[in-house]
Amino acid sequence: MLTATDLHFCYPEGEGAVTNGVSFEVAAGEIVSLLGPSGCGKSTVLRLVAGLLQPDRGSINWPVGDKRLSFVFQDAALMPWATVLENVLLPLSLKGKAGDRTEAALAKLASVGLEGYDHRYPHKLSGGQKMRVSIARALMAGPELLLLDEPFAALDEILRFQMNEMLLKLRRKQGWAALFVTHSVYEAAYLSDRILVMKNGKISGEFNPKLDRDKPSFEQRSSKAFTSAVANVSKLLETRQ
Amino acid sequence: MKRILLPLLALLALIFVWHVWVAFGTIPKFILPSPASVFTALLDNLCTLMSSAGQTLRVTLIALVAAVLSGVGLALAFSLSRTVEMTIYPFAVILQVTPIVSIAPLVLIWVGIDHVERALVIIAWLAAFFPILANMSAGLRAVDPHLGDLFTLYGATRWQRFWRLLWPTAMPYLLASLKVSGGFALIGAVVAEFVAGSGGATGLAWRILEASNRLQTEKMFAGLILLSLMGVAIFYSFVALERWLLRYRA
């Protein structure tokens, strides 16, 4: 679905390259995690894919039609002056198509567990609820690819588990692909179909966790495949540093 | 309730102390009149004072509207062009830091000989303009960068970006500056009337000046009370407007 080839990028005011020849693919319906230490260029790769930055060299190819993507940031980035419903409708209202999509937006809110929250303002929501709204808004754009930049980093562990479950459930139902930036080896191992380990602006390793998605969450998290994924990815991170 | 009751009690206590001090002290009436004589002067001159208050309020509000339009307009120009900002901002700062009392006579000579009210408005505008420009500029720069990215990603037009992102982001800053500039506009109007003297301005400040020249201290106090009430009314009008427009934060 998406092929990124030899991406080079350097911020004008920065020193040295942020990404230095990054190449990868994301298949339809696949969750790919970008894992690595702070400043290794993970978020820059996401912004390059989104078209928010232009690569100095290299290319990003979308073989089928127009790119349809959405972005979820670490902070929920909600409009505080707009209700939850208006926030969710943002991608459509900017295209003048929000009028007849209220029902769809309410359904998206229900799918993230926020039924009945449509008329509330973000100020009244908890951190986890804000992030759910942010995800509902991203899904409202009907993305083929969801770009997630450490969306759960600011949440506590229990909430993080719940959000991981919710994300996998939504992906199963809706079938979008995701490029997921995270610092957490456990989160990457649990959520991903593939993990790309980044170091100094390059992809330095790749691992496929191969979890049995038909099993309940706690069984997946205690499975040999999961612990082996965590161990192997940790090793990749250590040996490459 | 406590918020209203406590200052009200403090005011009553102050008036009581003032009354006792004047009644049992040896202070001449022209230095400090009693609260009762101030109240009597207020009632006796109510028509004249209210008419003058209306003129001062008119100058203040026209200046404030002009300050909002020019401050917001210039802040928008700054947000669109760094060159415009670098060229004009220093002059705005010069206007702000130069004491209004020293500019007022010049404005009166240039504009006020035939059109005193126009000069008063310009002086009041000079006092009110800068806080709006500074706050609005800060507000337009305070846009959440991630929200800005989303607007780009979802193909927002320039107008959508302004109306649905920049304007609501800047609104709290603008409303905060209005509370300050409302008071500044009134101060500017009063300063302008003082400087204009008897040159055609008949606002509340001029009435105070007139009463001062005749040593009618109680009338001066009456004028001062009306000026204070006007300032308080302007301030709390903007507090109410802020509460209503930013009710999503409640």
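When the trypsin sites (Lys or Arg not before Pro) in region B:158-250 are filtered for DSSP coil states and for at most 14 other beta-carbon atoms within 10 Å of their beta-carbon, the remaining sites are B:Arg214. All other residues whose Cβ lies under 10 angstrom from that of B:Glu242 are scored, Lys and Arg at +1 and Asp and Glu at -1, for a net of +4. For region A:1-53, GluC sites (Glu not before Pro) are listed when DSSP marks them as loop and at most 14 other Cβ atoms sit within 10 Å of their Cβ; the list is A:Glu13, A:Glu15. Near B:Leu186, within a Cβ-to-Cβ distance under 13 Å, what is the net charge of the other residues, with Lys and Arg +1 and Asp and Glu -1? After counting each charged neighbour, the total is +1. The Kirkwood hydrodynamic radius of region B:203-250, based on inverse pair distances between different Cα atoms, is 12.5 Å. If R0 is taken as 30 Å, the Cβ-Cβ distance between B:Val65 and B:Leu9 corresponds to a FRET efficiency of 0.25.
Entry note, region B:168-231: relative contact order of 25 percent, from Cα contacts under 8 Å with a spacing of 6+ residues. Neighbour counts of C-beta atoms inside 10 Å place B:Ile4, A:Ile60 in the sequence B:Ile4, A:Ile60, starting with the fewest. Using the Cβ of B:Met50 as centre and a radius below 13 Å, the other residues enclosed give a net charge of +1, where K and R count +1 and D and E count -1. Among beta bridges from DSSP that stay inside chain A, the antiparallel ones total about 45%. Pull up the DSSP beta bridges for the protein assembly as shown and report the antiparallel fraction as a percent, rounded to 5. Counting DSSP beta bridges with both partners in the protein assembly as shown, the antiparallel share is about 45 percent.
Let's test the formula: R0 of 22 Å, r as the Cβ-Cβ distance of B:Thr26 and B:Leu215. What FRET efficiency results, to the nearest 0.05? Between B:Thr26 and B:Leu215 the formula returns 0.80. Each pair of Cα atoms in region B:122-226 enters the Kirkwood radius, and Stokes-Einstein at 10 °C and 1.306 mPa s then converts it into a translational diffusion coefficient of 96 µm²/s.
Over all Cα atoms in the protein assembly as shown, the spread is summed up by Rg and Dmax: 32.0, 98 Å.
For chain A, a Kirkwood radius taken over Cα pairs fed into Stokes-Einstein (10 °C, viscosity 1.306 mPa s) yields D = 86 µm²/s. Could you let me know the centre-to-centre spacing of region B:2-38 and region B:129-202, using Cα atoms, in angstrom? Distance between centres, Cα-based: 39 Å. The distance separating the Cα centre of region B:69-105 from that of region A:115-140 comes to 40 Å.
Peptide A:74-86 is shielded by partner chain Cβ atoms: per residue, an average of 4 of them sit within 10 Å of its Cβ.
Using a cutoff of 8 angstrom between alpha carbon atoms and counting only pairs six or more residues apart, the relative contact order for chain A works out to 27 percent. The share of C-alpha pairs in region A:1-122 whose separation exceeds 22 Å stands at 50 percent. From helices alone, the protein assembly as shown scores -19500 deg cm²/dmol at 222 nm; the rule is -39500 (n - 2.57) for each run of n ≥ 4 DSSP H residues, then divide by the residue total. Taking a quarter of the surface of the Cα convex hull of region A:79-142 gives a mean projected area of 3.8 nm². What the Cα convex hull of region B:1-142 gives, in volume per residue, is 193 Å³.
For chain A, modelled as a GNM whose springs connect Cα atoms under 10 angstrom apart, the maximal fluctuation among A:Ala77, A:Ala229, A:Ala105 occurs at A:Ala77. By the count of other C-beta atoms within 10 Å, a proxy for reagent exposure, A:Cys10, A:Cys40, B:Cys47 are ordered fewest to most as B:Cys47, A:Cys10, A:Cys40.
Springs join every pair of Cα atoms under 10 Å in this Gaussian network model of chain A, and among A:Leu34, A:Leu92, A:Leu46 the largest mean-square fluctuation is at A:Leu92. Across B:Thr202, B:Thr83, B:Thr217, mean-square fluctuation computed from a Gaussian network of chain B (C-alpha pairs under 10 Å connected) peaks at B:Thr83. Histogrammed with a bin width of 5 Å, the alpha carbon distances of chain B distribute as 1, 6, 11, 13, 14, 13, 12, 10, 8, 5, 3, 2, 1, 1, 0, 0 percent, first bin at zero.
Each value in this text was obtained by applying a stated rule to the coordinates, not by laboratory testing. Please read all numbers here as calculations on a predicted model, not as lab measurements. Here the Cβ is made from the backbone with ideal geometry for all residues, glycine too, and neighbour counts use every protein chain on show.
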